[in-house]
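The values are calculated or read from the model by the stated rules, or taken from the named source; none is laboratory data. Nothing here was measured: the structure is a model prediction, and the numbers come from that model. In this analysis, Cβ positions are derived from the backbone assuming ideal geometry, glycine residues included, and neighbour counts consider all displayed protein chains. Quick note on the areas: whole protein, heavy atoms, side chains included, nothing else; ligands and nucleic acids left out. Shrake-Rupley method; radii C 1.70, N 1.55, O 1.52, S 1.80 Å.
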Amino acid sequence: MQKIFRPAVRPSVRQLATGGTLGLMLLFAAHGANAKVLEPGFIITKDNLASIKDDTFEGKTIASMIPEKLEWMITNYGLTIKIAHSKKIEMDPKYVEATKKWSKDVKFNPADRTVTGWKAGMLFPPEAIKMDDPNAGDKVIWNLRAATYGATMDLRDIAWVFLDAKKGYERVQAFQSRRYYMEGRLDGGPVSVGDGDVSQKTYFVAHYPQDIRGLGTFSMRYNQPDSAKPDDSYAYLKSVRRTRRLSGGAWMDPIGGTDQLYDDWDIWDAWPTKYTQNKLIEKRWVLAIAHSPDVSVDTTQPWSEPQKRFPRINMAEPPFANPAKDVEWEPREVYVVEGTPPAEHPYSKKVAYIEVDFPRPYLGYALDRKGEFWKMFIFQNRPDTGDDGYKAVMPVVGHIIDVKRGHATNWSSNMKSNPKGVKDTDVSLNVLEEVATGAGR
């Protein structure tokens, strides 16, 4: 009997599954006899990953919750994962109500992959996204790119830390930034502002260190679902106190000297139609960071102590670019979307892992033009409450890791939704110049 339950050569899953009761018993013996149920707080490392793949957590095997590129990061890039029980996340009642009220009016046009009829909330709730729908990938990305933060996103205390995988900390650049949504606004005021031509506006102004203080950018995304009209983007040059217009392809350019493209903001920042194709690959469970600790940037700590100032980044040991070891990962159900960028884009493919219940990306990766693994994106998120009480799930730390170059640029922010008193005119080219001039002094 012992030999029956521990065969020298494991039969295939199909053979076992079709063998009736005995087959199921053999299936358990072959694949789960030595499996354990892991406890919260267990840390997955490159040294133990192979031995725990069949172990389970919340009824799922560890192997099933670690995608290929995440496994690569564990085995080749020193990533560790401290597991925690998943917690239910509730979106703000205004967002839920807007989805119920207006999603039924949203129409998708397969001919040009555009949408019409959206006002606020989620365009395509989970029950409207079908795995056999050839346009499902576009619909998931449309959900992501519609306003989910209420009305205004305050990128509070945002800073990029530059890290060499072998040598560690290099430098930091800190900015003041806001993104103002012109449509889909959920702050108690009008759902849309303006004449409908503009979808959103964003500015960045550097304030640290001194050599970049006062440099800034402003971008305006037009409400053109087919992406026919490129974003307007401007850079402020403090040396001449002038702004200059950037090319329409700026969305594919790096943010300053970082490893992150503007298109990588929030892992995926472009309209779906900027990409030639977006394919929904699967729906699955992954380990992800959905409840990052409350403080992402400790402003009480000096710039000279980057590990203390940015406590959610592991700068204590090589390769220096991963989430801090105390940050917890939990099982989340996600859509996996593969995007094909246009030929002039630096990437040949981008893949994003996006929460099923609400549009929030946790993980992603990009391939270079040769189809080789180039960049890994690990984003830390957390539920947060805005200044006006609006509940949103905010990206608060982004690990953008260039695995080919052995370099990373990790940003951190104590991000908030709906800061009080912000108006349409407070996020504009004129304000960029005013803020940048003030920061440059």
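Structure notes:
- Selected residue [over 30 Å from TYR236 (Cα atoms) and touching a strand residue (DSSP E or B) at 6+ places or on another chain (Cβ under 7 Å)] from LYS349, LYS416, LYS375: LYS349
- Extreme residue, modelled with the highest pLDDT, among residues of the range 235-261 that are in a strand (DSSP E or B) and open to solvent by 40 Å² or more (accessible area, probe 1.4 Å): PRO254
- Filtered by the rule that a residue be more than 13 Å from TYR347 (Cα to Cα) and either assigned to a loop (DSSP other than H, G, I, E, B) or among the aromatic types (Phe, Trp, Tyr) (or both), the range 271-287 gives TRP271, TRP285.
- Number of the condition not met by THR299 [criteria: (1) over 17 Å from the mean Cα position of the chain (by Cα); (2) closer than 20 Å to PHE379 by Cα]: (2)
- Among (1) out of contact with any His (no Cβ under 9 Å at 6 or more places or on another chain); (2) among the aromatic types (Phe, Trp, Tyr); (3) open to solvent by less than 30 Å² (accessible area, probe 1.4 Å) - the single one PHE57 does not satisfy: (1)
- Residue within the range 104-121 that is farther than 30 Å from GLN224 by Cα, outside any helix (DSSP H, G or I) and within 23 Å of the chain's Cα centre (by Cα) present: no
- If only residues of the range 154-168 that are in contact with a strand residue (DSSP E or B) (Cβ under 9 Å, 6 or more places away or on another chain) and outside any loop (DSSP other than H, G, I, E, B) are counted, the one that is most open to solvent (accessible area, probe 1.4 Å) is ASP164.
- Every listed requirement among (1) touching a Ser or Thr at 6+ places or on another chain (Cβ under 7 Å); (2) part of a strand (DSSP E or B); (3) open to solvent by 10 Å² or more (accessible area, probe 1.4 Å) is met by ILE400 save one, (3).
- Residue match in the range 306-324 (condition: under 23 Å from PRO230 (Cα atoms) and touching a residue at least 40 places away in the same chain (Cβ under 8 Å)): no
- Meets criteria (in contact (Cβ under 8 Å) with a residue 24 or more places away in the chain, hydrophobic (A, V, I, L, M, F, W, C) and surrounded by fewer than 22 Cβ atoms within 10 Å (Cβ to Cβ)) for VAL205: no
- Checking every residue in the range 218-225 against the condition of being open to solvent by less than 10 Å² (accessible area, probe 1.4 Å), of a type in the set (Ser, Thr, Tyr) and touching an Asp or Glu at 6+ places or on another chain (Cβ under 9 Å) gives zero matches.
- Inter-residue pairs, beta-carbon under 6 Å, first without any contact (Cβ under 8 Å) to a residue 60 or more places away in the chain and in the range 128-149, second surrounded by fewer than 18 Cβ atoms within 10 Å (Cβ to Cβ) and assigned to a loop (DSSP other than H, G, I, E, B), 6+ apart: ASN135/PRO110
- Filtering the range 321-332 to residues that are part of a loop (DSSP other than H, G, I, E, B) and either in contact with a Gly (Cβ under 8 Å, 6 or more places away or on another chain) or surrounded by fewer than 23 Cβ atoms within 10 Å (Cβ to Cβ) (or both) leaves ASN322, ALA324, LYS325, ASP326, VAL327.
- Single residue of the range 198-230 satisfying the filter (part of a loop (DSSP other than H, G, I, E, B) and in contact with a Phe, Trp or Tyr (Cβ under 6 Å, 6 or more places away or on another chain)) that is farthest from VAL431 (Cα to Cα): SER227
- Qualifying positions in the range 124-153 - aliphatic (A, V, I, L, M) and either part of a loop (DSSP other than H, G, I, E, B) or open to solvent by less than 10 Å² (accessible area, probe 1.4 Å) (or both): ILE129, MET131, ALA136, VAL140, ILE141, LEU144, ALA146, ALA147, ALA151, MET153
- Of the strands (runs of 3 or more DSSP E) lying entirely inside the range 333-396, the ones with 1 or more residues being surrounded by fewer than 16 Cβ atoms within 10 Å (Cβ to Cβ) and free of Cβ contacts under 8 Å to residues at least 60 places away in the same chain are found at 373-385.
- Scope the range 314-365; condition under 13 Å from the mean Cα position of the chain (by Cα) and among the aliphatic types (A, V, I, L, M); matching residues: VAL334, VAL336, VAL337, VAL351, ALA352, ILE354, LEU363
- The range 88-123: number of residues that are under 22 Å from VAL286 (Cα atoms) and either of a type in the set (Val, Ile, Thr) or open to solvent by less than 90 Å² (accessible area, probe 1.4 Å) (or both): 2
- Taking the listed residues SER233, SER199, the one that is within 23 Å of the chain's Cα centre (by Cα), hydroxyl-bearing (Ser, Thr, Tyr) and under 22 Å from MET394 (Cα atoms) is SER199, with no other qualifying.
- Unmet requirement for LYS370, which otherwise passes all of (1) modelled with pLDDT of 95 or more; (2) touching a strand residue (DSSP E or B) at 6+ places or on another chain (Cβ under 8 Å): (2)
- On the stretch given as the range 72-102, residues that are in contact with a helix residue (DSSP H, G or I) (Cβ under 7 Å, 6 or more places away or on another chain) and either within 20 Å of GLY150 (Cα to Cα) or in a helix (DSSP H, G or I) (or both) total 2.
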